[in-house]
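Coordinate-derived values only; no laboratory data. This one's a predicted model, so the numbers in the text were calculated from it and none came from an experiment. Neighbour counts are summed over all protein chains in view; Cβ atoms, including those assigned to glycine, are modelled from backbone coordinates with ideal geometry.
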Amino acid sequence: MKFNLLIIIGLSLMIIMSGLITNTAFAITKGEIPGSGDLGINQILPSENIGGVVGLIIYAFQWIYTIFFIIAGIMILFAAFTYLTSGGDPEKVGSAKNQIIYAVVAIVVALLAVSINLIVKSFVSTGQ
């Protein structure tokens, strides 16, 4: 009885997932791919014509931000490896879960830091 229920649930999930995948495939349209400037990403605002030391600091922070996400991804992979090789040891499983939670929280905090920065820039900058 349990086995039949698992099969029914599994088949239902596969049908639902296939429907979701085809919907995303149908959403793809032909056309030009917008550049980062079209999306407003990494766009220097007119009030930010800065260079020299400040420009170098901004450039360094962009690299640090990129490296941070690479390290966070590696941490999640390492935690997943620890979880898979734990062999049911509760201490290793708990450690792996904590590592994943810490990595996800760090990513969320970093994304919030950048998004708050962009929100403040949009309020402060003059619209042109």
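Applying 1/(1 + (r/R0)^6) with r as the Cβ-Cβ distance of Ser86 and Leu11 and R0 = 35 angstrom yields a FRET efficiency of 0.70. Listing Tyr65, Tyr59 from fewest to most neighbouring C-beta atoms within 10 Å gives Tyr59, Tyr65.
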